[in-house]
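Undergrad: Structure provided below as C-alpha coordinates; questions to follow.
The values are calculated or read from the model by the stated rules, or taken from the named source; none is laboratory data. Values in this document were obtained by computation on a predicted structure and should not be read as measured data. Heads up, the Cβs are rebuilt from the backbone with ideal geometry, glycines too, and the neighbour counts pull from every protein chain shown. Only protein heavy atoms, including side chains, enter the accessible area calculation; ligands, DNA and RNA are left aside. Shrake-Rupley method; radii C 1.70, N 1.55, O 1.52, S 1.80 Å.
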Amino acid sequence: MSALPPRVVPPESLAREAAEWMGRALQTSLAMKRRASLALSGGSTPAPAYRELSRLTLPWERVDLYFVDERFVPPDHPDSNYHLVEEALVGPLRLSPSQVFRMEGEREDREAAAEDYEARLPDVLDVVLLGMGEDGHTASLFPGHPALEEQSRRVLSVVGPKPPPWRMTLTMPTLLSANAVLMLVAGAGKRQTVQRALGRDAALPAARVTNAQWMMDTAAAGR
Ligand SMILES: O=C(O)[C@H](O)[C@@H](O)[C@H](O)[C@H](O)COP(=O)(O)O
(Lines give C-alpha, C1' and ligand atoms only; values in the text may rest on other atoms or scores of the structure.)
Protein backbone atom coordinates (compact mmCIF):
# COMPACT_ATOMS: atom_id res chain seq x y z
CA MET A 1 0.00 0.00 0.00
CA SER A 2 1.24 3.46 -0.84
CA ALA A 3 2.34 5.89 1.84
CA LEU A 4 -0.08 8.34 0.22
CA PRO A 5 -3.54 8.37 1.83
CA PRO A 6 -6.18 6.82 -0.43
CA ARG A 7 -8.57 9.20 -2.14
CA VAL A 8 -12.25 8.35 -1.72
CA VAL A 9 -14.75 9.99 -4.08
CA PRO A 10 -18.46 9.56 -4.83
CA PRO A 11 -19.13 6.97 -7.57
CA GLU A 12 -20.39 9.61 -9.98
CA SER A 13 -17.12 11.55 -9.72
CA LEU A 14 -14.67 8.65 -9.94
CA ALA A 15 -14.11 8.69 -13.72
CA ARG A 16 -13.61 12.46 -13.87
CA GLU A 17 -11.30 12.53 -10.83
CA ALA A 18 -9.22 9.70 -12.27
CA ALA A 19 -8.97 11.42 -15.65
CA GLU A 20 -7.93 14.69 -14.03
CA TRP A 21 -5.30 12.88 -11.94
CA MET A 22 -3.84 11.27 -15.07
CA GLY A 23 -4.00 14.60 -16.91
CA ARG A 24 -2.06 16.37 -14.14
CA ALA A 25 0.53 13.58 -14.00
CA LEU A 26 1.01 13.79 -17.79
CA GLN A 27 1.41 17.58 -17.60
CA THR A 28 4.04 17.18 -14.87
CA SER A 29 6.05 14.87 -17.14
CA LEU A 30 5.54 17.05 -20.20
CA ALA A 31 6.86 20.07 -18.30
CA MET A 32 10.18 18.26 -18.02
CA LYS A 33 10.52 16.47 -21.35
CA ARG A 34 9.24 16.40 -24.91
CA ARG A 35 7.16 13.20 -24.77
CA ALA A 36 5.32 11.38 -21.98
CA SER A 37 4.21 7.75 -21.75
CA LEU A 38 0.84 6.60 -20.42
CA ALA A 39 0.21 2.87 -19.77
CA LEU A 40 -3.41 1.74 -19.52
CA SER A 41 -5.28 -1.25 -18.06
CA GLY A 42 -8.38 -3.10 -19.15
CA GLY A 43 -11.40 -4.11 -17.11
CA SER A 44 -14.73 -2.43 -16.52
CA THR A 45 -13.68 0.37 -14.15
CA PRO A 46 -11.34 2.34 -16.46
CA ALA A 47 -13.54 2.79 -19.56
CA PRO A 48 -15.50 5.80 -18.20
CA ALA A 49 -12.21 7.33 -17.02
CA TYR A 50 -10.76 6.97 -20.53
CA ARG A 51 -13.77 8.73 -21.99
CA GLU A 52 -13.29 11.59 -19.50
CA LEU A 53 -9.58 11.64 -20.31
CA SER A 54 -10.35 12.04 -24.01
CA ARG A 55 -12.17 15.29 -23.18
CA LEU A 56 -9.19 16.89 -21.44
CA THR A 57 -7.18 19.53 -23.24
CA LEU A 58 -3.64 18.22 -23.31
CA PRO A 59 -0.84 18.27 -25.90
CA TRP A 60 -1.90 14.77 -26.95
CA GLU A 61 0.54 14.74 -29.88
CA ARG A 62 3.30 14.46 -27.25
CA VAL A 63 1.78 11.47 -25.41
CA ASP A 64 2.60 7.83 -26.23
CA LEU A 65 0.15 5.14 -25.15
CA TYR A 66 1.28 1.79 -23.79
CA PHE A 67 -0.55 -1.12 -22.20
CA VAL A 68 -0.34 -2.57 -18.70
CA ASP A 69 -1.70 -5.91 -19.86
CA GLU A 70 -3.48 -7.54 -22.74
CA ARG A 71 -5.47 -10.66 -23.38
CA PHE A 72 -4.29 -12.98 -26.21
CA VAL A 73 -7.13 -12.16 -28.57
CA PRO A 74 -7.14 -10.13 -31.81
CA PRO A 75 -7.24 -6.32 -31.43
CA ASP A 76 -10.83 -6.07 -32.64
CA HIS A 77 -12.06 -8.71 -30.15
CA PRO A 78 -14.48 -7.49 -27.42
CA ASP A 79 -12.07 -8.85 -24.75
CA SER A 80 -9.10 -6.92 -26.15
CA ASN A 81 -7.79 -4.14 -23.91
CA TYR A 82 -6.57 -2.40 -27.04
CA HIS A 83 -10.14 -2.51 -28.38
CA LEU A 84 -11.39 -0.82 -25.19
CA VAL A 85 -8.76 1.92 -25.34
CA GLU A 86 -9.32 2.37 -29.08
CA GLU A 87 -13.04 2.99 -28.58
CA ALA A 88 -12.75 5.22 -25.52
CA LEU A 89 -9.55 7.19 -26.14
CA VAL A 90 -7.57 6.56 -29.34
CA GLY A 91 -10.57 7.02 -31.63
CA PRO A 92 -12.09 10.09 -29.96
CA LEU A 93 -8.68 11.80 -29.79
CA ARG A 94 -7.69 10.63 -33.30
CA LEU A 95 -4.29 9.62 -31.99
CA SER A 96 -1.77 8.63 -34.64
CA PRO A 97 -0.94 4.90 -34.83
CA SER A 98 2.70 5.95 -34.27
CA GLN A 99 1.71 7.01 -30.71
CA VAL A 100 -0.03 3.77 -29.76
CA PHE A 101 2.15 0.87 -28.66
CA ARG A 102 -0.22 -2.01 -28.28
CA MET A 103 0.58 -5.47 -26.95
CA GLU A 104 0.12 -7.87 -29.86
CA GLY A 105 -2.55 -10.21 -28.50
CA GLU A 106 -3.08 -11.81 -31.90
CA ARG A 107 0.40 -13.43 -31.90
CA GLU A 108 0.62 -17.23 -31.67
CA ASP A 109 4.03 -17.22 -30.04
CA ARG A 110 3.08 -15.60 -26.74
CA GLU A 111 6.62 -15.64 -25.31
CA ALA A 112 8.02 -13.86 -28.37
CA ALA A 113 5.21 -11.31 -28.22
CA ALA A 114 6.10 -10.50 -24.59
CA GLU A 115 9.82 -10.22 -25.44
CA ASP A 116 9.07 -7.90 -28.34
CA TYR A 117 6.92 -5.67 -26.15
CA GLU A 118 9.66 -5.49 -23.56
CA ALA A 119 11.98 -4.17 -26.28
CA ARG A 120 9.48 -1.43 -27.19
CA LEU A 121 8.84 -0.19 -23.64
CA PRO A 122 10.52 3.03 -22.49
CA ASP A 123 13.02 2.60 -19.63
CA VAL A 124 10.58 4.26 -17.24
CA LEU A 125 6.84 4.73 -17.74
CA ASP A 126 5.59 8.17 -16.77
CA VAL A 127 1.96 7.48 -15.88
CA VAL A 128 0.33 4.09 -15.23
CA LEU A 129 -3.32 3.35 -14.59
CA LEU A 130 -4.03 0.11 -12.70
CA GLY A 131 -7.20 -1.63 -11.59
CA MET A 132 -7.68 -4.28 -8.91
CA GLY A 133 -9.76 -7.44 -9.17
CA GLU A 134 -11.80 -8.87 -6.30
CA ASP A 135 -9.00 -11.40 -5.74
CA GLY A 136 -6.46 -8.56 -5.39
CA HIS A 137 -4.83 -9.03 -8.78
CA THR A 138 -3.55 -6.04 -10.66
CA ALA A 139 -2.36 -5.84 -14.26
CA SER A 140 -2.38 -9.61 -15.04
CA LEU A 141 -0.39 -10.42 -11.91
CA PHE A 142 -2.49 -12.84 -9.91
CA PRO A 143 -2.15 -13.92 -6.24
CA GLY A 144 0.21 -16.88 -5.82
CA HIS A 145 1.27 -16.88 -9.49
CA PRO A 146 5.04 -17.20 -10.07
CA ALA A 147 4.95 -14.17 -12.42
CA LEU A 148 4.28 -12.04 -9.34
CA GLU A 149 7.80 -12.78 -8.10
CA GLU A 150 9.52 -11.91 -11.39
CA GLN A 151 12.50 -9.64 -10.78
CA SER A 152 14.28 -9.24 -14.12
CA ARG A 153 11.79 -9.46 -17.01
CA ARG A 154 9.71 -6.32 -17.62
CA VAL A 155 6.92 -8.04 -19.57
CA LEU A 156 5.71 -11.64 -19.25
CA SER A 157 3.27 -13.95 -20.95
CA VAL A 158 1.09 -15.60 -18.27
CA VAL A 159 -1.85 -17.96 -17.93
CA GLY A 160 -4.15 -16.57 -15.26
CA PRO A 161 -7.43 -17.56 -13.58
CA LYS A 162 -9.46 -14.64 -15.00
CA PRO A 163 -10.96 -15.31 -18.43
CA PRO A 164 -9.60 -15.05 -21.04
CA PRO A 165 -6.66 -16.82 -19.35
CA TRP A 166 -3.79 -16.18 -21.81
CA ARG A 167 -2.39 -12.74 -21.12
CA MET A 168 0.62 -10.50 -21.42
CA THR A 169 1.47 -8.25 -18.50
CA LEU A 170 3.94 -5.70 -17.21
CA THR A 171 5.78 -7.14 -14.22
CA MET A 172 6.07 -5.76 -10.70
CA PRO A 173 9.54 -4.16 -11.26
CA THR A 174 8.10 -2.28 -14.27
CA LEU A 175 5.15 -1.01 -12.24
CA LEU A 176 7.34 -0.07 -9.28
CA SER A 177 9.72 1.93 -11.46
CA ALA A 178 6.96 4.13 -12.97
CA ASN A 179 6.87 7.82 -12.11
CA ALA A 180 3.15 8.07 -11.28
CA VAL A 181 0.76 5.17 -10.68
CA LEU A 182 -2.98 5.37 -10.05
CA MET A 183 -4.82 2.35 -8.58
CA LEU A 184 -8.47 2.89 -9.51
CA VAL A 185 -11.07 0.79 -7.68
CA ALA A 186 -14.86 0.86 -7.78
CA GLY A 187 -17.76 -1.05 -6.29
CA ALA A 188 -18.86 -2.66 -3.03
CA GLY A 189 -17.67 -6.07 -4.29
CA LYS A 190 -14.08 -4.96 -3.74
CA ARG A 191 -14.56 -3.53 -0.24
CA GLN A 192 -13.02 -6.45 1.66
CA THR A 193 -10.07 -6.72 -0.69
CA VAL A 194 -9.48 -2.98 -0.37
CA GLN A 195 -9.36 -3.37 3.42
CA ARG A 196 -6.78 -6.16 3.10
CA ALA A 197 -4.72 -4.06 0.68
CA LEU A 198 -4.90 -1.07 3.04
CA GLY A 199 -3.53 -3.45 5.67
CA ARG A 200 -0.59 -4.15 3.32
CA ASP A 201 -1.42 -7.83 2.82
CA ALA A 202 1.49 -8.82 0.55
CA ALA A 203 -0.44 -11.84 -0.74
CA LEU A 204 -2.39 -9.32 -2.80
CA PRO A 205 -0.54 -8.19 -5.92
CA ALA A 206 -2.25 -4.79 -5.79
CA ALA A 207 -0.91 -4.19 -2.27
CA ARG A 208 2.64 -4.67 -3.55
CA VAL A 209 2.45 -1.63 -5.84
CA THR A 210 3.77 0.58 -3.09
CA ASN A 211 4.22 3.63 -5.33
CA ALA A 212 0.51 3.78 -6.26
CA GLN A 213 -1.93 6.51 -5.35
CA TRP A 214 -5.16 4.69 -4.53
CA MET A 215 -8.42 6.22 -5.68
CA MET A 216 -11.72 4.51 -4.96
CA ASP A 217 -15.41 5.22 -4.83
CA THR A 218 -17.29 5.34 -1.54
CA ALA A 219 -18.73 1.85 -2.18
CA ALA A 220 -15.26 0.27 -2.46
CA ALA A 221 -14.19 2.18 0.65
CA GLY A 222 -17.23 0.90 2.58
CA ARG A 223 -18.55 4.38 3.36
O1 LIG B 1 -8.16 -7.70 -16.84
C2 LIG B 1 -7.49 -6.74 -17.25
O3 LIG B 1 -7.30 -6.52 -18.42
C4 LIG B 1 -6.87 -5.83 -16.26
O5 LIG B 1 -5.98 -4.90 -16.66
C6 LIG B 1 -7.11 -6.07 -14.83
O7 LIG B 1 -5.98 -5.96 -14.04
C8 LIG B 1 -8.20 -5.15 -14.33
O9 LIG B 1 -7.72 -3.84 -14.21
C10 LIG B 1 -8.75 -5.63 -13.01
O11 LIG B 1 -9.17 -6.95 -13.17
C12 LIG B 1 -9.94 -4.81 -12.55
O13 LIG B 1 -10.95 -4.99 -13.50
P14 LIG B 1 -12.42 -4.46 -13.27
O15 LIG B 1 -12.34 -2.97 -13.34
O16 LIG B 1 -13.21 -5.03 -14.43
O17 LIG B 1 -12.85 -4.98 -11.96
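Undergrad: Would you check if residue 177 is more than 14 Å from the ligand (Cβ to nearest atom), without any contact (Cβ under 8 Å) to a residue 24 or more places away in the chain and small (Gly, Ala, Ser)?
TA: On the way: more than 14 Å from the ligand (Cβ to nearest atom): yes; without any contact (Cβ under 8 Å) to a residue 24 or more places away in the chain: no; small (Gly, Ala, Ser): yes.
The answer is no for residue 177.
Undergrad: Give the residues of region 12-59 that are over 18 Å from residue 124 (Cα atoms), open to solvent by 40 Å² or more (accessible area, probe 1.4 Å), in contact with a helix residue (DSSP H, G or I) (Cβ under 6 Å, 6 or more places away or on another chain) and not hydrophobic (A, V, I, L, M, F, W, C), sorted by residue number.
TA: Result: 16, 48, 51, 52.
Undergrad: If we keep just the residues of region 103-137 that are open to solvent by 50 Å² or more (accessible area, probe 1.4 Å) and under 23 Å from residue 205 (Cα atoms), which is farthest from the ligand (Cβ to nearest atom)?
TA: Result: 123.
Undergrad: Please work out which residue is farthest from the ligand (Cβ to nearest atom), limiting yourself to region 61-74 and to residues that are under 20 Å from residue 116 (Cβ atoms) and open to solvent by 30 Å² or more (accessible area, probe 1.4 Å). Before you say what the answer is, go through the steps one by one.
TA: Start the filter on region 61-74 by keeping residues that are under 20 Å from residue 116 (Cβ atoms), which leaves 64-74.
Now narrow it down to the ones that are open to solvent by 30 Å² or more (accessible area, probe 1.4 Å): 72, 74.
Details: 72: 12, 74: 15 Å.
Per the stated criteria, the residue is 74.
Undergrad: Sticking with this structure for a sec: Would you check if there is a residue in region 75-82 being within 24 Å of residue 190 (Cβ to Cβ), in contact (Cβ under 8 Å) with a residue 24 or more places away in the chain, open to solvent by less than 50 Å² (accessible area, probe 1.4 Å) and within 16 Å of the ligand (Cβ to nearest atom)? Break it down into steps so the answer makes sense when it comes.
TA: To start, the set of residues in region 75-82 that are within 24 Å of residue 190 (Cβ to Cβ) comprises 78-81.
Now narrow it down to the ones that are in contact (Cβ under 8 Å) with a residue 24 or more places away in the chain: 79-81.
Remaining after also requiring open to solvent by less than 50 Å² (accessible area, probe 1.4 Å): 80-81.
So of that shortlist, the ones also within 16 Å of the ligand (Cβ to nearest atom) come out as 80-81.
Yes: region 75-82 contains one or more residues that are within 24 Å of residue 190 (Cβ to Cβ), in contact (Cβ under 8 Å) with a residue 24 or more places away in the chain, open to solvent by less than 50 Å² (accessible area, probe 1.4 Å) and within 16 Å of the ligand (Cβ to nearest atom).
Undergrad: How many residues are open to solvent by 10 Å² or more (accessible area, probe 1.4 Å), of a type outside the set (S, T, N, Q), farther than 16 Å from residue 207 by Cβ and away from the ligand (no atom under 13 Å from the Cβ) when one looks only at region 138-172?
TA: Of the residues in that region, 6 qualify.
Undergrad: Sort out which residues of region 1-12 are free of Cβ contacts under 8 Å to residues at least 60 places away in the same chain and assigned to a helix (DSSP H, G or I), and write them in order of number. Before the answer, list the steps.
TA: Here is the first cut: in region 1-12, the residues free of Cβ contacts under 8 Å to residues at least 60 places away in the same chain are 5, 12.
Of everything in region 1-12, just one residue is free of Cβ contacts under 8 Å to residues at least 60 places away in the same chain and assigned to a helix (DSSP H, G or I), namely 12.
Undergrad: If residue 216 satisfies every condition in (1) open to solvent by less than 10 Å² (accessible area, probe 1.4 Å); (2) part of a helix (DSSP H, G or I); (3) closer than 30 Å to residue 27 by Cβ but one, which is the exception?
TA: With respect to (1) open to solvent by less than 10 Å² (accessible area, probe 1.4 Å); (2) part of a helix (DSSP H, G or I); (3) closer than 30 Å to residue 27 by Cβ, residue 216 is out only on (2).
Undergrad: Just for region 1-18: of the residues that are among the aliphatic types (A, V, I, L, M) and more than 12 Å from residue 185 (Cα to Cα), which one is modelled with the lowest pLDDT? Quick ask: steps written out before the conclusion?
TA: Here is the first cut: in region 1-18, the residues among the aliphatic types (A, V, I, L, M) are 1, 3-4, 8-9, 14-15, 18.
Those still in the list that are more than 12 Å from residue 185 (Cα to Cα) too: 1, 3-4.
Values: 1: 50, 3: 64, 4: 72.
The extreme case among them is 1.
Undergrad: Just to check your reading of the model, which residue among 191, 200 is modelled with pLDDT under 95, more than 11 Å from the ligand (Cβ to nearest atom) and surrounded by fewer than 20 Cβ atoms within 10 Å (Cβ to Cβ)? Show your work before the answer.
TA: On the way: 191 fails: modelled with pLDDT under 95.
Only one candidate qualifies: 200.
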